[in-house]
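A.B. asks: Quick one: structure below, then a few questions.
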Amino acid sequence: MPQTETQVPDGVPAQLQGGTPLSLPESHSGEALETIEFQAVLELISGHTAGPLGSARVLSRRPTDDLSWIGLELDRVAEVAALFRRGDGLLAEPIPDVTRAVGRLRIQGSVLDGTELAAILRFLLAAAAVRADLIRVRELAPLSSALERPLPEKGIGRRLEQSVDSDGNLLDTASPQLAAARKEVQAARQRLLRRLDTLLRSLDSSSTSSDASVTVRGDRYVIPVRRDSRNRPAGIIHDESGSAGTLFIEPSETIELGNALREAQVEEERETLRVLRELTDLLRPHWSALRDAVGMCVAVDDLVARARYAVAVSGEKPEVAAAPAALTILNGRHPLLLAGDTAVVPFDLELTQEEHTLLISGPNTGGKTVLLKAVALAAALAASGIIPPIGAGSRLPIFRRFYADIGDRQSIAASLSTFSAHVRMLRRILDEADETTLVLLDEIGSGTDPVEGAALASATLVALTGRGTVTLATTHLGALKELAGQTRGIINASLQFDAATLTPTYRLLKGVPGRSYGLSIARRLGVDQAILADAELRVPQAERRLDALLAAVEEREGELRERQRTVEERAIELDSLSAKLRVQEESQAARESELKRREKEADREGRRQARAHLLEARERVEQALAAARGAVDEAAAREARRMVEEGIVEKTEKMEKTERTETTDGERPVVGDRVRLSTGGSGQVLELRGDGKIVVAVGAMKMVLDADQVTISAGKESSRASSPSSPSSPSSASSPSSPSLEIDLRGMTGDEAETATVAAVDAAVLAEQPFLRIIHGMGTGVVRERVRRVVARDRRISRYGFAPRNQGGTGVTIVEFSA
């Protein structure tokens, strides 16, 4: 297939052009693009460019089948569109057209004029801004930032700024010699003007008018003198007035001054040319960098325009694949309709790789032709590196050829009727179309006898389908609607029409042929009922059956659509209810978490208070024991003991106030029951064991006593009152004559074991027990170390050590008290 290279501005490298590297054949694809108004869409996109070069680049875009180039261009557009959607963007600057000036730099000896140098200066300033922004977005848009190109060194721009103004005039700062030459020109001009003005004023009124002034003729300064004046000065006549009554004379005595001025001007021109040559030679080594920078700026302007267009039409980058491939368009819209003021109804279209021909039928004004063009434009724009107005999830084949037979092709000059023109186009399509071709056929088979037209259309569609050509065709011929059921790869479709209002809805229905509604529209427009009744009788029976079937299908489709709407509404309601339930569950979980947190805090606070109570009780015990040891008689010792018991009872009652449960007095405990012991009002929790002994639980501490040494005054207690999370205070549960005490610390934490040990030691000392058995188990050794730390620093303990092996060994510590 012949290829033609895309035309681009001179001096711009192909790798930066951003246009199509190889376009499709112009002979037929170009004609098809014109038919679907491809250029009009490019003009819409070019409206988003910053400068004329960027606009020209957009307008030069054409579809290509270079899949790698297409993918890169679409990815770049998607990158920049994403920047705009997040509130950022990419800078595009308008630049003057300096491509010709840059191209002249390659010619040795060429000299750029001031205007060209000023344009290059403006270009360098714009290119620096564009390059800086490309570098800025390098992380967010790496593919787009790859367009960045280095610029000539900054000194060149500063030199140009010092040398030319915005209009291209050389500045005095361009060269000291130029400044001096200009001063000399100014001085010579002033000398000449003063002398000429003096001469003019010396003439009498008969020689010149009162308002005469020095003027210029032929680059020489002259004075006006009447032709008939007898006193006119000698000199050179350079010109005369239109009436020939006035002569413009350069007096002889000012000729030397005029020559001096001209010499000064020549010197200025010579220095001006030298400066221009110097500036041109300064730029010449950098012509390739300038060329690349031009390409960078134009490519970025083109890219930003395409990205802005994609955002404006809510376009999403499609997946592309070389034809033959499946075609899927979601939320598709015609680009030119989007530019108007009317609402546009989007369409969805899906053709599998086995579905080649889409035959669209239905009434006029339904949008069939618009649909054909919209599909072709989407494919052509994507193949040109432009994101079309389609939604996410769309997939487009990349076609090598486009053919479109749309509209009236009648040609009087070529002696072609409408049908002849269509047949000629069909012949061309059938000669060249293959599986990589997209064909649009509007009103196929029209313009001739319906039977013959339908036969020719059927044969054409079957042939194209057999080749795998993707064909979109519209028709009013009823015979063609049956073709889909007879030929694999041909699919019926229609654009929905509201039967009640006889107005189009523009919704594409795949798999369902459309009704013509011709007689219905005529009835609505007021055609006589008798004529309509006669017309209905003249419709062939097969056509009437088909129309009735299509009407039933449309009615069924409407019912299904209504059901779907109801299901969707219910689904929305269920989603809303589910969301509310999730919120409630989350709120409930938060409340439960808060309750657990508060429970843990209360437990920690209870343990802290219990520890404080026990430490306070221990202090009182030590004080009482000290008082007892210092008593001189038995009465004082008993008083000290009473003080200790009262202190313990008081602290125990404070700790149990929140946990006490009401029980029945006098109920006899049984094995396993927990009861309350009333020994001096202390209220310890007891457990009756099977061996006849009583276990006294004081907080986390347990003491074992004989049952006949304990008075039971309370009934059963709930298991919650004795749980580890409800600590109790120690008490003098046993009588002073209790033969032994024992505590079991197994299962406790280090802190709990330490508190229980302190309480047990205090109780054992108060009961005047000779020793105490502390069961801590072997385990990890943490509880054992806490026990030994407590007993090691207590001065009331005379000796301690592990029990014999047959009595617990290292799992039990036996403590002996001082006498």
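A.B. asks: For segment 69-87: of the residues being of a type in the set (D, E, K, R) and open to solvent by less than 60 Å² (accessible area, probe 1.4 Å), which is nearest to the chain's Cα centre (by Cα)?
C.D. replies: The selected residue is Glu79.
A.B. asks: In addition: Restricting the search to segment 330-344, which residues are open to solvent by less than 60 Å² (accessible area, probe 1.4 Å) and either assigned to a loop (DSSP other than H, G, I, E, B) or touching a strand residue (DSSP E or B) at 6+ places or on another chain (Cβ under 9 Å) (or both)?
C.D. replies: Gly332, Arg333, His334, Gly340, Val344 - these are the residues of segment 330-344 that are open to solvent by less than 60 Å² (accessible area, probe 1.4 Å) and either assigned to a loop (DSSP other than H, G, I, E, B) or touching a strand residue (DSSP E or B) at 6+ places or on another chain (Cβ under 9 Å) (or both).
A.B. asks: Tell me the residue from Asp66, Asp97 that is open to solvent by 40 Å² or more (accessible area, probe 1.4 Å) and within 29 Å of the chain's Cα centre (by Cα), please.
C.D. replies: Asp66
A.B. asks: Modelled with pLDDT of 70 or more and either among the basic types (Lys, Arg) or assigned to a helix (DSSP H, G or I) (or both): is that true of Val553 in this structure?
C.D. replies: Taking the combined requirement at face value, the residue does not satisfy it.
A.B. asks: Does Leu279 meet the test of being over 60 Å from the mean Cα position of the chain (by Cα), surrounded by 19 or more Cβ atoms within 10 Å (Cβ to Cβ), part of a helix (DSSP H, G or I) and in contact (Cβ under 8 Å) with a residue 24 or more places away in the chain?
C.D. replies: It is false that Leu279 is over 60 Å from the mean Cα position of the chain (by Cα), surrounded by 19 or more Cβ atoms within 10 Å (Cβ to Cβ), part of a helix (DSSP H, G or I) and in contact (Cβ under 8 Å) with a residue 24 or more places away in the chain.
A.B. asks: When the residues of segment 794-804 are filtered to those that are part of a loop (DSSP other than H, G, I, E, B) and of a type in the set (D, E, K, R), which remaining residue is surrounded by the most Cβ atoms within 10 Å (Cβ to Cβ)?
C.D. replies: Top of the filtered list is Asp794.
A.B. asks: Also, I was wondering about something else. If only one of Ala380, Ala339, Ala374 is out of contact with any Gly (no Cβ under 7 Å at 6 or more places or on another chain) and either under 22 Å from Ile70 (Cβ atoms) or free of Cβ contacts under 8 Å to residues at least 40 places away in the same chain (or both), which one is it?
C.D. replies: Ala380
A.B. asks: Among the candidates Leu134, Leu140, which residue alone is open to solvent by less than 20 Å² (accessible area, probe 1.4 Å), under 42 Å from the mean Cα position of the chain (by Cα), under 30 Å from Gly71 (Cα atoms) and in contact (Cβ under 8 Å) with a residue 24 or more places away in the chain?
C.D. replies: Exactly one residue qualifies, and that residue is Leu134.
One line per residue, one yes/no per condition, for (1) free of Cβ contacts under 8 Å to residues at least 60 places away in the same chain; (2) open to solvent by 20 Å² or more (accessible area, probe 1.4 Å); (3) in a strand (DSSP E or B):
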residue: Arg191; (1), (2), (3): no, yes, no
residue: Leu196; (1), (2), (3): yes, no, no
residue: Tyr221; (1), (2), (3): yes, yes, yes
residue: Ser229; (1), (2), (3): yes, no, no
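A.B. asks: So, in segment 606-621, of the ones that are among the basic types (Lys, Arg) and either crowded, with 17+ Cβ neighbours inside 10 Å or modelled with pLDDT under 75 (or both), which residue ends up nearest to Asp794 (Cα to Cα)?
C.D. replies: For segment 606-621, the residue satisfying everything is Arg618.
A.B. asks: I'd like to verify a number: residues in segment 482-508 that are in contact with a helix residue (DSSP H, G or I) (Cβ under 7 Å, 6 or more places away or on another chain) and either open to solvent by less than 50 Å² (accessible area, probe 1.4 Å) or at pLDDT 70 or above (or both), how many?
C.D. replies: Here the count works out to 9.
A.B. asks: Can you tell me which residues in segment 152-173 are open to solvent by 50 Å² or more (accessible area, probe 1.4 Å), charged (D, E, K, R), within 14 Å of Ala119 (Cβ to Cβ) and in a loop (DSSP other than H, G, I, E, B)?
C.D. replies: The one that is open to solvent by 50 Å² or more (accessible area, probe 1.4 Å), charged (D, E, K, R), within 14 Å of Ala119 (Cβ to Cβ) and in a loop (DSSP other than H, G, I, E, B): Asp167.
A.B. asks: Kindly indicate whether Thr272 is open to solvent by 30 Å² or more (accessible area, probe 1.4 Å) and closer than 30 Å to Val102 by Cα.
C.D. replies: In short, yes.
A.B. asks: Residues being touching a helix residue (DSSP H, G or I) at 6+ places or on another chain (Cβ under 6 Å) and buried (at least 17 other Cβ atoms within 10 Å of the Cβ): count how many of those fall in segment 767-793.
C.D. replies: So the answer is 8.
A.B. asks: Residues in segment 105-151 that are assigned to a loop (DSSP other than H, G, I, E, B) and not basic (Lys, Arg): how many?
C.D. replies: Residues in segment 105-151 being assigned to a loop (DSSP other than H, G, I, E, B) and not basic (Lys, Arg): 17 in total.
A.B. asks: Of the residues that sit in segment 231-259 and are touching a residue at least 40 places away in the same chain (Cβ under 8 Å) and open to solvent by 40 Å² or more (accessible area, probe 1.4 Å), which one is farthest from Arg191 (Cα to Cα)?
C.D. replies: Among them, the one singled out is Glu253.
Residue-wise test of (1) open to solvent by 20 Å² or more (accessible area, probe 1.4 Å); (2) part of a loop (DSSP other than H, G, I, E, B); (3) of a type in the set (Ser, Thr, Tyr); (4) at pLDDT 90 or above.
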{"site": "Pro397", "(1), (2), (3), (4)": "no, no, no, yes"}
{"site": "Phe402", "(1), (2), (3), (4)": "no, no, no, yes"}
{"site": "Gly407", "(1), (2), (3), (4)": "yes, yes, no, no"}
{"site": "Ser420", "(1), (2), (3), (4)": "yes, no, yes, no"}
{"site": "Met425", "(1), (2), (3), (4)": "no, no, no, no"}
{"site": "Gly445", "(1), (2), (3), (4)": "no, yes, no, no"}
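A.B. asks: Please work out which one of (1) touching a strand residue (DSSP E or B) at 6+ places or on another chain (Cβ under 8 Å); (2) open to solvent by less than 20 Å² (accessible area, probe 1.4 Å); (3) more than 18 Å from Arg620 (Cα to Cα) is the condition Gly750 fails and give its number.
C.D. replies: With (1) touching a strand residue (DSSP E or B) at 6+ places or on another chain (Cβ under 8 Å); (2) open to solvent by less than 20 Å² (accessible area, probe 1.4 Å); (3) more than 18 Å from Arg620 (Cα to Cα) applied to Gly750, the lone miss is (1).
A.B. asks: Name the pairs whose Cβ atoms lie under 8 Å apart, with the first residue in segment 288-315 and closer than 16 Å to Ser55 by Cβ and touching a residue at least 12 places away in the same chain (Cβ under 8 Å), the second open to solvent by less than 10 Å² (accessible area, probe 1.4 Å) and charged (D, E, K, R), and 6 or more positions between them or separate chains?
C.D. replies: These pairs meet every condition: Val298/Arg57; Ala299/Arg57; Asp301/Arg57; Asp302/Arg57.
A.B. asks: I'd like to verify a number: residues in segment 409-418 that are in contact with a helix residue (DSSP H, G or I) (Cβ under 7 Å, 6 or more places away or on another chain) and either among the polar types (S, T, N, Q) or at pLDDT 80 or above (or both), how many?
C.D. replies: The total comes to 2.
Every residue, every condition in (1) over 30 Å from Val370 (Cβ atoms); (2) in a helix (DSSP H, G or I); (3) at pLDDT below 95; (4) open to solvent by less than 40 Å² (accessible area, probe 1.4 Å), yes or no:
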position: Thr6; (1), (2), (3), (4): no, no, yes, yes
position: Gly11; (1), (2), (3), (4): yes, no, yes, yes
position: Pro25; (1), (2), (3), (4): no, no, yes, yes
position: Gly30; (1), (2), (3), (4): no, yes, yes, yes
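A.B. asks: May I ask you to verify whether Glu543 is surrounded by fewer than 15 Cβ atoms within 10 Å (Cβ to Cβ), touching a helix residue (DSSP H, G or I) at 6+ places or on another chain (Cβ under 7 Å), at pLDDT 70 or above and in a helix (DSSP H, G or I)?
C.D. replies: no
A.B. asks: Just a yes or no: is a residue in segment 348-364 within 23 Å of Thr35 (Cβ to Cβ) and open to solvent by 20 Å² or more (accessible area, probe 1.4 Å)?
C.D. replies: yes
The values are calculated or read from the model by the stated rules, or taken from the named source; none is laboratory data. Predicted, not measured: the structure shown is a model, and the values here were computed from it. Positions of Cβ are generated from backbone atoms using ideal geometry, with glycine treated the same way; all protein chains shown enter the neighbour counts. For the accessible areas, the whole protein counts, side chains as well, though only heavy atoms, and no ligand, DNA or RNA atoms are used. Shrake-Rupley method; radii C 1.70, N 1.55, O 1.52, S 1.80 Å.
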